[in-house]
1. Among all residue pairs at least 6 apart or on different chains, which show Cβ distances below 7 Å where the first residue, located in segment B:81-105, is touching a residue at least 12 places away in the same chain (Cβ under 8 Å) and the second is open to solvent by 60 Å² or more (accessible area, probe 1.4 Å) and of a type in the set (D, E, K, R)?
2. Considering only residues that are within 12 Å of chain B (Cβ to nearest Cβ), more than 14 Å from DNA strand D (Cβ to nearest atom) and open to solvent by 50 Å² or more (accessible area, probe 1.4 Å), which ones fall in segment A:56-65?
3. Using the structure shown, decide if A:Arg46 is loosely packed, with under 12 Cβ neighbours inside 10 Å and either more than 10 Å from chain B (Cβ to nearest Cβ) or more than 14 Å from the chain's Cα centre (by Cα) (or both).
4. So for segment B:102-113 (the condition being open to solvent by less than 50 Å² (accessible area, probe 1.4 Å), in contact with a Leu (Cβ under 6 Å, 6 or more places away or on another chain), assigned to a helix (DSSP H, G or I) and more than 14 Å from DNA strand C (Cβ to nearest atom)), does at least one residue qualify?
5. Answer yes or no as to whether B:Lys40 is within 8 Å of DNA strand D (Cβ to nearest atom) and open to solvent by 90 Å² or more (accessible area, probe 1.4 Å).
6. Any idea which residue in segment A:1-36 is farthest from the chain's Cα centre (by Cα), counting only those that are surrounded by 10 or more Cβ atoms within 10 Å (Cβ to Cβ) and at pLDDT below 95?
Number of protein chains: 2
Amino acid sequence: MSDENLMTIRQMCDAYEVTPRTLRFYEAKELLFPIRQGTKRLYARRDRARLKLILRGKRFGFSLEEIRQLLDLYDLGDQQATQLAKTYELATQRLADMVNQREELDEAIEELKQQLEWGEKRLAELYASSAAE
Amino acid sequence: MSDENLMTIRQMCDAYEVTPRTLRFYEAKELLFPIRQGTKRLYARRDRARLKLILRGKRFGFSLEEIRQLLDLYDLGDQQATQLAKTYELATQRLADMVNQREELDEAIEELKQQLEWGEKRLAELYASSAAE
DNA sequence: CGTTTAACTTACGTTCACGTCAAGCAATGT
DNA sequence: ACATTGCTTGACGTGAACGTAAGTTAAACG
């Protein structure tokens, strides 16, 4: 029962359905910063939060580089004033992007629903005619 | 003033901000089916509609292959019954995916707003303390 | 009729996001 | 003591989505 709150790479993989390779890759790209016990990696709460955000970002179609920049937004702890201001500005921009994407997504959902109704009717017709045979 | 309603590859590129390579690539992947006037491609209304859907799908993080399957949904014209049924089922699944994505997106937007408020306060503090000097 | 111009094909190159060995260290059980 | 298990670091491979360069053809222009 090692240190609670810290997870090995395998526990992380099982918990988030990713491979070790993926976690090491994210680390190489400076998206994660697990601590080292000897040679082994240990992931703390902070890394898990970041990983969640990474996986979510991917589902929205963001690249890892875009995600890396976004991650700083959730770690505003001890930034310099100028750096904080830049981060803040980037965040408002990203927020606008997301709101746009939500609008588009709403549209897409509506259109797809329409098409589904159409298909439903067509299927009903086909079924009716085959039953009439 | 060639045949209205039909666009050359360059007009398409300018209109949708893609490269010729991209359009030919989508054609190779059977996402677009421009008609041929001799060796040249001409894009009709149908292709433009499909291209819009392709670009939108990409913004949502779908792969071209996923998009290709989805495209059939908007072209339910003359499908076989069994094929139509399969397409329909796939569509309902995708719709569910999109609805999920919207929920996640809503969450993400909320969280980011929270972070922005936080950053705003921090910035205000920093500004106040530097002004007091 | 020669020459730009635009589109074409073929094919190899590139970036991203990992997958997949290969070889080595480190603790753990028998 | 030794083998198994789990993690490690390279390093090369891969599929997706194009980019890019080379050479070809066809229409249009002077």
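1. Sorted first by the residue in segment B:81-105, then by its partner, the pairs are B:Gln101/A:Arg59.
2. A:Arg59
3. Judged against the criteria, A:Arg46 is not a match.
4. Yes, because at least one residue in segment B:102-113 is open to solvent by less than 50 Å² (accessible area, probe 1.4 Å), in contact with a Leu (Cβ under 6 Å, 6 or more places away or on another chain), assigned to a helix (DSSP H, G or I) and more than 14 Å from DNA strand C (Cβ to nearest atom).
5. Here the answer is yes, as B:Lys40 does meet what is asked.
6. Taking the candidates together, the pick is A:Ser2.
Here is a yes/no grid of residues against (1) open to solvent by 60 Å² or more (accessible area, probe 1.4 Å); (2) touching a helix residue (DSSP H, G or I) at 6+ places or on another chain (Cβ under 8 Å):
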{"residue": "A:Leu73", "(1), (2)": "no, yes"}
{"residue": "A:Gly77", "(1), (2)": "no, no"}
{"residue": "A:Arg94", "(1), (2)": "no, yes"}
{"residue": "A:Val99", "(1), (2)": "no, yes"}
{"residue": "A:Leu116", "(1), (2)": "no, yes"}
{"residue": "A:Ala131", "(1), (2)": "yes, no"}
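Every residue, every condition in (1) within 14 Å of DNA strand D (Cβ to nearest atom); (2) closer than 27 Å to B:Asp97 by Cβ; (3) not assigned by TED's automatic domain parsing to the domain that holds A:Glu104, yes or no:
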{"position": "A:Met12", "(1), (2), (3)": "yes, yes, yes"}
{"position": "A:Thr22", "(1), (2), (3)": "yes, yes, yes"}
{"position": "A:Arg45", "(1), (2), (3)": "no, no, yes"}
{"position": "A:Ala49", "(1), (2), (3)": "no, yes, yes"}
{"position": "A:Ile54", "(1), (2), (3)": "no, yes, yes"}
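The values are calculated or read from the model by the stated rules, or taken from the named source; none is laboratory data. Worth saying up front: this structure is predicted, and the values here are computed from it rather than measured. Methodologically, a virtual Cβ is constructed for each residue, glycine included, from the backbone with ideal geometry; neighbour enumeration extends over all protein chains shown. Quick note on the areas: whole protein, heavy atoms, side chains included, nothing else; ligands and nucleic acids left out. Shrake-Rupley method; radii C 1.70, N 1.55, O 1.52, S 1.80 Å.
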